[in-house]
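Chemist: Handing you a structure now.
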Amino acid sequence: GLGYTNLIDQSNSINQDSIVTLQLANYVSAPIFGQNLDLYPAPSQYFYPVQFAKGAPFCSPPNNPNTSDNIVYMDEFVNFLVWKYGYAGTATGVKFYSLDNEVDIWDATHKEVHPQDPCCVEIRDNSIACAKAVKNVDPNAQIMGPVLCVFTGFLNFTDAPDWSSVKGSRPWFISYYLDEMKKASDANGRRLLDILDVHWYPPEDDGNGHGICDNREDPQTFNARMQAPRTLWDTGYVSPHETYPDGGSSWINKSYWAQFLPILPRFKSDIATYFPDTNIAITEYTWGPSTQWATGITTADFLGICAKYGVYMTNYWGQGGYIDTAIRIYTNYDGSHSKFGDMNVAASMSNKVDSSIYASVSTEMPCELNLIVINKNQYNNITGTFNITSSRNYFSGRVWKFDNTSSTISETTPISTITNNSFTYTVPMKSVCHIVLQATQLN
């Protein structure tokens, strides 16, 4: 329990919400260490069985559980967290519960408790049972699932043994999962899935067999990395995978692009069809080593895309370097916790290969227009003309940026001349700029 409570305490100390992961694979580790668990897989003394609902009164007080039964109850654990921190929606209560982690590769990562390939029906049934148990204790908690981590997990639950028998008319596992969770929610009279939760580790390579996230100081790799977020939104994008002898590109493009990519519009379409009003979260992602400027640019682009397409939550697995910088360019660009606005504004660019643009306004600062402008070109600055359609009259702008020379955000050349809501500005190569434009008050 200390692993959880220490994390929650730390999150609460900085006014951040916590995500608590619950176990669906039927076992959790017992507090016995020092053995090679490959030799003692579950069931054994090194693992406790999991039950989602205790079906009996919880221990009182909640911080003094019965340890003699050697069973871990998920609902009793949630009850302890509610007792210690309050209900979801209070200042310190746990808001999010994740239905395990990367369930599509359990047979590789959790073989001590789940050596066989996980099945679709198994994940469906365990997700439903665990979600019910959580909501019985804390009705306002938000449930996140299925926490998939690879494209084949999205597609067919990584070749699950029962996929062909349960698929029906649903085109891929994401559709199946949303549909089944919606049916269960309707039958139960309450929502049992609030957030479609996935991880995104891009599968692309640079066209020469090198992964785009490899630790290579190579312009081709950098370019492939910076273009890769287009997989998330751009219907006209084809990534530079290796070419196969038959003339096709690699498996994700060759077989599935037209049907399932780009990813975010596809998720939104599935949600609209199978479980309306479900939010989207990408709770792990990476775009390369944090020491490389191209990772910072790609991460900033990714975050802008997520904002534009209404992704509810993103969480980076790790910290440091240019990745922290890319997050701060949205959340604390000036060192005073000023941030990108909370309302999207339509914005587009004429050159989607070399540049990206994202725009927002803030409910707190309605006279400010925030622009994130990215130059992905490795050799040339880009001078662009910015035309603003607004009832407000913008008259000046300040600019903060980071680039390939430093992961530190610094204020740079301001915008002093705006005529009829139009101005020209030069964005340096290999850089991300946060432009904050000031407007006059409306009468």
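Chemist: Quick test for you: out of 178, 192, 196, pick the one residue that is under 18 Å from the mean Cα position of the chain (by Cα), crowded, with 19+ Cβ neighbours inside 10 Å and not in a helix (DSSP H, G or I).
Modeler: Numbers: 178 fails: not in a helix (DSSP H, G or I); 192 fails: under 18 Å from the mean Cα position of the chain (by Cα).
Result of the check over 178, 192, 196: 196.
Chemist: Please go through (1) modelled with pLDDT of 95 or more; (2) touching an Asp or Glu at 6+ places or on another chain (Cβ under 9 Å); (3) farther than 25 Å from residue 284 by Cα for residue 81 and return the number of the only condition it doesn't satisfy.
Modeler: (3)
Chemist: Oh, and also: Suppose the filter is in contact with a strand residue (DSSP E or B) (Cβ under 6 Å, 6 or more places away or on another chain), over 28 Å from residue 41 (Cα atoms), of a type outside the set (Asp, Glu) and crowded, with 18+ Cβ neighbours inside 10 Å; does residue 94 pass it? Break it down into steps so the answer makes sense when it comes.
Modeler: Values: in contact with a strand residue (DSSP E or B) (Cβ under 6 Å, 6 or more places away or on another chain): yes; over 28 Å from residue 41 (Cα atoms): yes; of a type outside the set (Asp, Glu): yes; crowded, with 18+ Cβ neighbours inside 10 Å: yes.
Judged against the criteria, residue 94 is a match.
Chemist: Follow-up question, since we're still on this one. Specify the residue that is nearest to residue 278 (Cα to Cα); the eligible residues are those in the stretch 288-312 that are of a type outside the set (A, V, I, L, M, F, W, C) and surrounded by fewer than 20 Cβ atoms within 10 Å (Cβ to Cβ).
Modeler: Across the stretch 288-312, the extreme among qualifying residues is 312.
Chemist: I would also like to ask the following. Restricting to the stretch 125-136, give me the number of residues that are in contact with a helix residue (DSSP H, G or I) (Cβ under 7 Å, 6 or more places away or on another chain) and surrounded by fewer than 21 Cβ atoms within 10 Å (Cβ to Cβ).
Modeler: So the answer is 2.
Chemist: Filter the stretch 402-424 down to the residues that are surrounded by 19 or more Cβ atoms within 10 Å (Cβ to Cβ) and either in contact (Cβ under 8 Å) with a residue 40 or more places away in the chain or among the β-branched types (Val, Ile, Thr) (or both) and list them by number.
Modeler: Listed by number, the residues that qualify are 402, 403, 407, 409, 415, 418.
Chemist: For the stretch 122-155, how many residues meet the condition of being under 28 Å from residue 79 (Cβ atoms) and hydrophobic (A, V, I, L, M, F, W, C)?
Modeler: 12
Chemist: Considering only helices (runs of 4 or more DSSP H) fully contained in the stretch 250-318, which possess at least 1 residues that are over 19 Å from residue 211 (Cα atoms), out of contact with any helix residue (DSSP H, G or I) (no Cβ under 7 Å at 6 or more places or on another chain) and modelled with pLDDT of 95 or more?
Modeler: 263-274, 293-308
Chemist: Still on this model: Just the residues that are open to solvent by 20 Å² or more (accessible area, probe 1.4 Å) and in contact (Cβ under 8 Å) with a residue 12 or more places away in the chain, please, taken from the stretch 158-175.
Modeler: 158, 159, 161, 162, 163, 166, 170, 171
Chemist: Just give me the residues in the stretch 1-33 being assigned to a loop (DSSP other than H, G, I, E, B) and either surrounded by 12 or more Cβ atoms within 10 Å (Cβ to Cβ) or among the β-branched types (Val, Ile, Thr) (or both), in sequence order. Step through it out loud before you land on a result.
Modeler: At the first step, the residues of the stretch 1-33 found to be assigned to a loop (DSSP other than H, G, I, E, B) are 1, 14-18, 23-26, 30-33.
14, 17, 18, 23, 24, 25, 26, 30, 32 - these are the residues of the stretch 1-33 that are assigned to a loop (DSSP other than H, G, I, E, B) and either surrounded by 12 or more Cβ atoms within 10 Å (Cβ to Cβ) or among the β-branched types (Val, Ile, Thr) (or both).
Chemist: With the condition kept exactly as written, say whether any residue in the stretch 56-73 is in contact with a strand residue (DSSP E or B) (Cβ under 7 Å, 6 or more places away or on another chain), of a type in the set (A, V, I, L, M, F, W, C) and either crowded, with 18+ Cβ neighbours inside 10 Å or closer than 16 Å to residue 21 by Cα (or both). Reasoning before the result, please.
Modeler: First pass over the stretch 56-73, keeping only residues in contact with a strand residue (DSSP E or B) (Cβ under 7 Å, 6 or more places away or on another chain): 70-73.
Restricting the remaining residues to those that are of a type in the set (A, V, I, L, M, F, W, C) gives 71-72.
Now drop any that are not either crowded, with 18+ Cβ neighbours inside 10 Å or closer than 16 Å to residue 21 by Cα (or both), which leaves 72.
Yes, there is a match, as at least one residue in the stretch 56-73 is in contact with a strand residue (DSSP E or B) (Cβ under 7 Å, 6 or more places away or on another chain), of a type in the set (A, V, I, L, M, F, W, C) and either crowded, with 18+ Cβ neighbours inside 10 Å or closer than 16 Å to residue 21 by Cα (or both).
Chemist: Against the definition (surrounded by fewer than 22 Cβ atoms within 10 Å (Cβ to Cβ) and either farther than 30 Å from residue 85 by Cα or more than 19 Å from the chain's Cα centre (by Cα) (or both)), how does residue 152 come out, yes or no?
Modeler: Yes.
Chemist: Hey, residue 188 hits all of (1) within 30 Å of residue 403 (Cα to Cα); (2) at pLDDT 95 or above; (3) among the polar types (S, T, N, Q) but one; which does it fall short on?
Modeler: (1)
Chemist: Among the residues in the stretch 113-121, are any within 20 Å of residue 8 (Cα to Cα) and open to solvent by 10 Å² or more (accessible area, probe 1.4 Å)?
Modeler: Checked the stretch 113-121: no residue is within 20 Å of residue 8 (Cα to Cα) and open to solvent by 10 Å² or more (accessible area, probe 1.4 Å).
Chemist: Considering only the stretch 426-443, how many residues are surrounded by fewer than 19 Cβ atoms within 10 Å (Cβ to Cβ) and in contact (Cβ under 8 Å) with a residue 12 or more places away in the chain?
Modeler: 7
Chemist: I've got another one for you. Taking the stated definitions as given, is residue 87 touching a residue at least 24 places away in the same chain (Cβ under 8 Å), open to solvent by 50 Å² or more (accessible area, probe 1.4 Å) and either within 25 Å of the chain's Cα centre (by Cα) or farther than 17 Å from residue 22 by Cα (or both)? Please lay out each step first, then the result.
Modeler: Working: touching a residue at least 24 places away in the same chain (Cβ under 8 Å): yes; open to solvent by 50 Å² or more (accessible area, probe 1.4 Å): yes; either within 25 Å of the chain's Cα centre (by Cα) or farther than 17 Å from residue 22 by Cα (or both): yes.
So residue 87 passes the test.
The values are calculated or read from the model by the stated rules, or taken from the named source; none is laboratory data. For clarity, every value in this text was computed on a predicted model and none was experimentally measured. All Cβ positions, glycine included, derive from the backbone under ideal geometry; neighbour counts span all protein chains shown. Protein only, heavy atoms only, side chains kept; ligands, DNA and RNA dropped before computing areas. Shrake-Rupley method; radii C 1.70, N 1.55, O 1.52, S 1.80 Å.
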